[in-house]
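A quick write-up on the structure given underneath.
The values are calculated or read from the model by the stated rules, or taken from the named source; none is laboratory data. Here the structure is a predicted model, which is why all the values come from computation and not from measurement. No Cβ is skipped: glycine too gets one built from the backbone with ideal geometry, and neighbour counts run over all protein chains shown. All accessible areas refer to the heavy atoms of the entire protein, side chains included, with ligands and DNA or RNA removed. Shrake-Rupley method; radii C 1.70, N 1.55, O 1.52, S 1.80 Å.
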Amino acid sequence: MVTGMQKWLVIVVAALLSASAMGSGTPSKHQANGLKRETKAEKDKRMKWWREARLGMFIHWGLYSIPAGSWDGKTNYAEWIREEAHIPVGEYEKLKYQFDPVKFNADAWVKMARDAGMKYIVITTKHHDGFNLFDSPLTDWNVGHTPFKRDIMAEMAKACKKYGIKMCWYHSIMDWHHPDYLPRRSWEVATRPADGADFRKFVKYLREEVTWLLTHYGPIGVMWFDGEWESTWNAKDGDALYALCRKLQPNVIVNNRVTVGRAGVEDANSMQAGDFTTPEQYIPPTGLGDVDWETCMTMNDHWGYNSHDKNWKSSETLIRNIVDIASKGGNYLLNVGPRSDGTFPPEAVQRLHDIGAWMNVNGDAIYGTKASVFEKLPWGRSTTKAMGGRTMLYLHVFDWPKDGKLVVPGIGNTPIFAHLMGRRQKQKVERAGPNLVIRVPAKAPNPICSVVELEVSGKPIIYNAPKITTPSAMLVDGTVARIDSGSKELQVRWTSDGSDPTAKTGRAYAQPIRIDRTMTLKAASFHHGKRVSAVTSMRFEKVEPNPAVESGSQPGLLCEEYKGSWDNVPDFDSLTARSTRPAEAVTVGNSKEEDWGMRFSGTITAPKDAVYTFALGSDDGSKLWIDGKVVVDNDGLHSGQTKLGQVALAKGAHKIVIGWFNKSGGLDLSLQWAPIGGKLHKAQGMELRH
């Protein structure tokens, strides 16, 4: 007789062998190598529900809810309490025997999320402390070995199915409890040495846990990974884990934190793997274009429950965040940290109720919408829906017009009708030059955010100023500029003599413009022969490239290592290096050390006269100097992020210096470069000399 456990082992072995056989090369931002290549249509189909959902609930719950933020007289802790309070593993393990959330009711949790208008729930199956809220057969460090005993994930999955909510898992890669996880916390090395620890065994354990989660609870909407930033986890591991998830559940969506390179969430090119990127605790100022993204955010200051944290965001702030994020094309994953008895804090319950009341009236202005077609609105935000040959513009009004006239600026479409959400009475719409004016009641229906539905004919014709894009506004031989009006209904006219374009001057834009001299390019949009936008201007400068210098005689760069604790790249000239060696590339290698830094110096050889782009990625801070001037400033305390800079270089060698430091946590350093129009590549080999 084959037992359930034996069946599961067969699934695990098959999945691990399959994923291993697929290889682990660097994937594109949407596709890990080894998986069947996914077309755009297939990706769109898989992402459809998530893109339409716009609002989800994050739940951070675990043993850390028991101390409720307090330890040894301090009250500023939450889910990171073991690390931040330096709690020995044996002491922390005692919490397992206190975990008995007798008031936990999965049905009540999911219903609250549903009633708040949320379409999916992401819950911590395991946070960084390694404790599982599911009854894992791989360890007794789980809920099944607590006084509570019940499999919380099984109950959540059942309730989500009942209420039509997508069940999603958060799962930490970092694990402070597993004996083979590395690196050890610096403060516990003396009492919990890493002797004999094998990180590859931990990776096997991690993959088996993920396999269990994706084979025992039905369809899972999202695998939301975290804790990927430490030096032991690498792109090869991340790519393979992504492939495993998609192999086990082909329709599952995986976030970008499955692998290294979370850095620079505002840069579409920074997403090394996964299906969407994850700004944390902030909203990107202008969205992320065509990149799928989701802002995760706390209701107060902590993810896990802290009984002392009373800094709750108001319902107004949270509702306006929902609107702001949707208007920029993103999702909002709003966190709740349940108490140790299994109930939500009353402050969270009240805010969920307020959100639900607003969404009950205005949800159609959030679900399934696209980003605003307006660059900026003086009174609030806007979301968009295509309606066949028409367009629905949802106008989210934060500041209600006192004169009863809601001005929709710079729009060329013919209005069909307008009315307030929740009311079918039509509001009068008039044209006033380039604007539409909607007559609205004197009093706002909702003081937080009232929504006006405006239906117009055709695709949006918005009189935004045209956008000029170019690889570089600095040129040696030449460059190209492209101009986009945002609508096929608009004509762009441009000039290069410094004058503003008119209907009779300048040229009609038809193709990319070749620029080979210093000049100012100006452009404006025209509709039916009239200028309808502001003028966009960009200055192009032809420069002399930095002259070449004598190349170094030895391959690679000179790497000096320094010991110290800094918050910024230090003045290495004032310090004494602890070691000096040649380095073939700009990298930190396999080090796990904290409180140290490096300086690389030598020359880099430009193959031709050109403007070059340099991409400097680091965790923590770094700076790049070329020929004595700062080209990229990526300084300060931060997780991994990449910044770009440009400089004109003559053919030949140029002096290069990279300064970098690491204070704590993850560490990373990389340098890529290319001439304008070329593909960025790692600086290494014969390009570098010292």
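I'd like the full set of residues that are of a type in the set (S, T, N, Q) and open to solvent by less than 10 Å² (accessible area, probe 1.4 Å), limited to segment 99-137.
Correct list: 124, 125, 132, 136.
Quick grid of which residues meet (1) open to solvent by less than 30 Å² (accessible area, probe 1.4 Å); (2) aromatic (Phe, Trp, Tyr); (3) without any contact (Cβ under 8 Å) to a residue 60 or more places away in the chain:
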site: 522; (1), (2), (3): no, no, yes
site: 527; (1), (2), (3): yes, no, no
site: 547; (1), (2), (3): no, no, no
site: 553; (1), (2), (3): no, no, no
site: 565; (1), (2), (3): no, no, no
site: 571; (1), (2), (3): no, no, yes
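For segment 66-89, which positions are among the acidic types (Asp, Glu) and either closer than 27 Å to residue 102 by Cα or touching a Ser or Thr at 6+ places or on another chain (Cβ under 8 Å) (or both)?
72, 79
Sort out which residues of segment 427-452 are open to solvent by less than 20 Å² (accessible area, probe 1.4 Å) and within 36 Å of the chain's Cα centre (by Cα), and write them in order of number.
436, 449, 450, 451, 452
Select from segment 71-96 the residues that are aliphatic (A, V, I, L, M) and closer than 18 Å to residue 193 by Cβ and write down the one among them that is least open to solvent (accessible area, probe 1.4 Å).
Taking segment 71-96 first, the residues aliphatic (A, V, I, L, M) are 78, 81, 85, 87, 89, 95.
From what is left, the residues that are closer than 18 Å to residue 193 by Cβ are 87, 89.
Values: 87: 1, 89: 34 Å².
Applying the filter and picking the extreme gives 87.
Mind checking which residues of segment 637-661 are in a loop (DSSP other than H, G, I, E, B) and at pLDDT 95 or above?
Once the filter is applied, which keeps residues that are in a loop (DSSP other than H, G, I, E, B) and at pLDDT 95 or above, segment 637-661 yields 650, 651.
Given the residues 100, 140, 135, 107, which is the only one that is of a type in the set (D, E, K, R), in a loop (DSSP other than H, G, I, E, B) and either under 22 Å from residue 298 (Cβ atoms) or in contact (Cβ under 8 Å) with a residue 40 or more places away in the chain (or both)?
Among 100, 140, 135, 107, only 100 is of a type in the set (D, E, K, R), in a loop (DSSP other than H, G, I, E, B) and either under 22 Å from residue 298 (Cβ atoms) or in contact (Cβ under 8 Å) with a residue 40 or more places away in the chain (or both).
Name the single residue that is farthest from residue 128 (Cα to Cα) among those in segment 169-227 being more than 26 Å from the chain's Cα centre (by Cα) and hydrophobic (A, V, I, L, M, F, W, C).
This residue is 190.
Restricting to segment 150-197, what's the tally of residues that are part of a loop (DSSP other than H, G, I, E, B), in contact with an Asp or Glu (Cβ under 7 Å, 6 or more places away or on another chain) and closer than 21 Å to residue 242 by Cβ?
Number satisfying all stated conditions: 3.
In segment 662-682, what count of residues is obtained for those that are farther than 17 Å from residue 479 by Cα and either open to solvent by 20 Å² or more (accessible area, probe 1.4 Å) or at pLDDT 95 or above (or both)?
The number of residues fulfilling the criteria is 11.
Going by the conditions given, is residue 103 touching a Ser or Thr at 6+ places or on another chain (Cβ under 9 Å), over 25 Å from residue 225 (Cβ atoms) and not acidic (Asp, Glu)?
When the stated conditions are applied, residue 103 passes them.
For segment 388-397, state whether one or more residues are closer than 29 Å to residue 466 by Cα, charged (D, E, K, R) and either crowded, with 18+ Cβ neighbours inside 10 Å or touching a residue at least 60 places away in the same chain (Cβ under 8 Å) (or both).
Yes; the residues of segment 388-397 include at least one that is closer than 29 Å to residue 466 by Cα, charged (D, E, K, R) and either crowded, with 18+ Cβ neighbours inside 10 Å or touching a residue at least 60 places away in the same chain (Cβ under 8 Å) (or both).
Being small (Gly, Ala, Ser) and touching a residue at least 60 places away in the same chain (Cβ under 8 Å) is the filter; apply it to segment 143-178 and report the residue that is least open to solvent (accessible area, probe 1.4 Å).
Selected residue: 157.
Taking only pairs six or more apart or across chains, which ones have beta-carbon atoms under 9 Å, a first residue in segment 226-242 that is crowded, with 21+ Cβ neighbours inside 10 Å, and a second residue that is of a type in the set (Asp, Glu) and part of a helix (DSSP H, G or I)?
Partner pairs satisfying both residue conditions: 228/237.
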